Amino acid sequence: MRDQQLKIYIKNFFKDIRKAILGEETNYTQGSINRAIFMLSIPMVLEMLMESLFAVVDVFFVGRLGVDAIATVGLTESIIMILYAIGVGLSIAVTAMVSRRVGEGNKSKAADAAYQAILVAILIAAIFGFTGFIYAKDLLRLMGASESLIETGYGYTKILIGGNITIMLLFVLNAVFRGAGDAAIAMRVLWLSNGLNIILDPLFIFGFGPMEGMGVQGAAIATTIGRGIGVMYQLYILFRGSGVIHMLKKNLLFKGKVMKTLIKVSMGGMGQYLIGTASWILLVRIISYFGSEAVAGYTISFRIIIFTILPSWGIANAAATLVGQNLGSGQPDRAEKSVWKCAYFNMVFLVIIAIFFFILAENFVSIFNTDLLVVKHGVIALRYICLGYIFFAYGMVVSQAFNGAGDTKTPTVINFLSYWLLQIPLAYILSINTTLEIKGVYIAILISELFLAIVAIMIFRRGRWKLVEI
């Protein structure tokens with residue numbers, strides 16, 4: 001009897017995985033909460049897994065070009081993280097508005113919000129693209145890069161920032177799909193774009209046949225092409241109407257009221273992530289005091305960390321969608337239960353990963369570079385940061401829950417307190433003014449993540465996020 005039940009359970013388990021990957025279910029306001037989390041998280045985690053795989057593969061190939069090439073990627077990403085922050089902040093607003101409208105059963109208004117977000121994304125991308133294309137060398141110099149690094153690496157910065165419209169639209173349009181419950185489509189988009197990047201990376205970096213290698217600049221070209229094709233696929237799905245959201249001619253109009261709400265919600269999201277991003281940039285600046293090897297080691301460890309953090313963000317994004325849709329359908333208690341369950345699952349996942357990283361840190365870092373000093377710095381960064389995974393697991397899910405409800409102000413304030421008033425001053429003091437040196441930066445990260453998680457949970461329990469109207 002038990003064997004028969006086990007067979008049925010396994011059969012249903014794989015059937016649900018298939019449904020989740022194919023996107024056969026988009027209503028998450030009824031039935032089992034655990035099943036809703038599972039059905040949303042599977043494609044979201046797979047989506048983020050490909051994004052994290054892209055990050056690791058990218059630095060794997062670039063790592064073959066030497067320390068300066070790795071440092072170029074690290075410094076450029078510290079700059080472009082500002083753009084990521086804006087894109088993610090805008091995506092928060094899109095997910096909150098689309099999920100709320102879908103929960104209410106008004107898909108046409110969800111499409112209105114999506115189009116206004118596209119307009120904003122294009123405007124921001126144009127401004128950043130022009131700046132990055134013209135002033136690539138100056139931006140690298142501002143980040144403390146040596147003149148030799150600037151001369152060999154500015155092409156990477158120029159192309160990646162210059163073609164940032166692909167980044168912005170990829171963020172925003174996938175937020176539309178996730179908010180609508182079409183997580184499987186968002187997954188397929190990233191698998192397509194990042195899969196292409198993984199194939200093109202070695203071709204453009206090292207060359208193939210008669211095509212000469214372009215070095216680190218080739219990595220930027222491969223990334224931009226891959227993301228660009230992904231955006232074309234997103235637009236095809238939206239206008240074809242094969243997903244929950246179908247973009248019609250009536251939606252392709254400027255709608256002031258919707259735009260005003262979108263900008264209001266996204267400003268909090270942008271501010272929230274700009275605070276975190278600016279903090280990350282300043283951390284890199286502090287680390288640069290200890291040399292290119294320290295920056296390279298941190299860059300490698302950060303890419304390895306992203307490999308696990310991004311799938312973890314998939315679970316957090318599932319929480320945001322569940323909060324938005326359940327608030328839209330008038331079920332705040334179900335929304336809250338979904339958040340606590342997502343946070344618990346996230347914590348279990350990250351604790352397991354942290355154990356592996358702590359024990360095998362040197363093995364992981366050595367895959368990407370064999371320079372003894374680079375490996376040493378990478379191991380220190382990886383071990384210290386993964387110790388904070390248990391706090392980070394709860395902090396990220398609860399913060400995304402606020403965002404899913406449209407309350408982007410609360411996480412912004414929490415981030416400001418955690419990163420600017422605590423993390424940065426503490427990192428500088430511990431690393432520059434004590435014998436801890438670079439370890440002080442990572443201890444500061446641990447302390448700030450613990451503080452963030454505690455404060456976020458305390459405020460979330462008050463329940464005011466349930467009353468937010470968007």
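Rule-based calculations on the coordinates, nothing more; no lab input. Quick caveat: nothing in here was measured; it's all calculated off a predicted structure. Ideal geometry is used to build each Cβ from the backbone, glycine not excepted, and the neighbour counts take in all protein chains shown.
Rg/Rh for the range 31-467: what does it come to with C-alpha atoms and Rh from Kirkwood?
Reported Rg/Rh, Kirkwood definition of Rh: 0.96.
Translational D (Stokes-Einstein, µm²/s) of the range 280-375 at 10 °C and 1.306 mPa s when Rh comes from the Kirkwood sum over C-alpha pairs?
In µm²/s, the coefficient is 101.
Name the long-range amide H neighbours of residue 207: under 5 Å, sequence gap of 5 or more, or other chain; modelled H, no Pro or chain starts.
213, 214
Relative contact order (percent) for the range 31-467, with alpha-carbon contacts under 8 angstrom and 6 or more residues of separation?
Over the range 31-467, the number comes to 24 percent.
Excluding the sites themselves, what is the longest stretch of the chain that contains no GluC sites (Glu not before Pro) in a DSSP loop with at most 13 other C-beta atoms within 10 Å?
Free of exposed loop sites, the longest segment is 25-468.
Once you charge only the Cβ atoms, +1 for Lys and Arg and -1 for Asp and Glu, what is the size of the charge dipole of the range 31-467 about its Cα centre, to the nearest 20 debye?
1900
Counting other beta carbons within 10 Å of each Cβ, put 451, 204 in order, fewest first.
Starting with the residue having the fewest Cβ neighbours, the order is 451, 204.
Pairs 15/109; 109/466; 158/257; 257/409; 249/337; 15/341: which are spaced more than 31 Å apart, C-alpha to C-alpha?
Listed pairs above 31 Å: 15/109; 158/257; 249/337.
Would you tally the net charge around residue 206, using a Cβ to Cβ cut-off of less than 13 Å, leaving residue 206 out, and scoring K and R as +1, D and E as -1?
-1
Hey, what number do you get for the chain at 222 nm if only DSSP H runs of n ≥ 4 count, each worth -39500 (n - 2.57), divided across all residues, to the nearest 500?
-28500 deg cm²/dmol
Can you list, largest first and rounded to whole Å, the semi-axes you get for the range 69-137 by taking the square root of 5 times each eigenvalue of its Cα gyration tensor?
For the range 69-137, the semi-axes come out at 32, 14, 6 Å.
Take the alpha carbon atoms of the range 129-283, find their radius of gyration, then divide it by 2.2 N^0.38 Å using N residues; give the quotient.
Compactness ratio reported: 1.24.
Sort 68, 16 so that the residue with the fewest other Cβ atoms within 10 Å of its own Cβ comes first and the one with the most comes last.
Ascending Cβ contact count within 10 Å gives the list 16, 68.
Count charges around residue 326 for me, please; just the other residues with Cβ under 13 Å from its Cβ, Lys/Arg as +1, Asp/Glu as -1.
With Lys, Arg at +1 and Asp, Glu at -1, the net is +2.
Only counting other Cβ atoms within 10 Å, I'd like 142, 382, 430 sorted with the fewest neighbours first.
Starting with the residue having the fewest Cβ neighbours, the order is 142, 430, 382.
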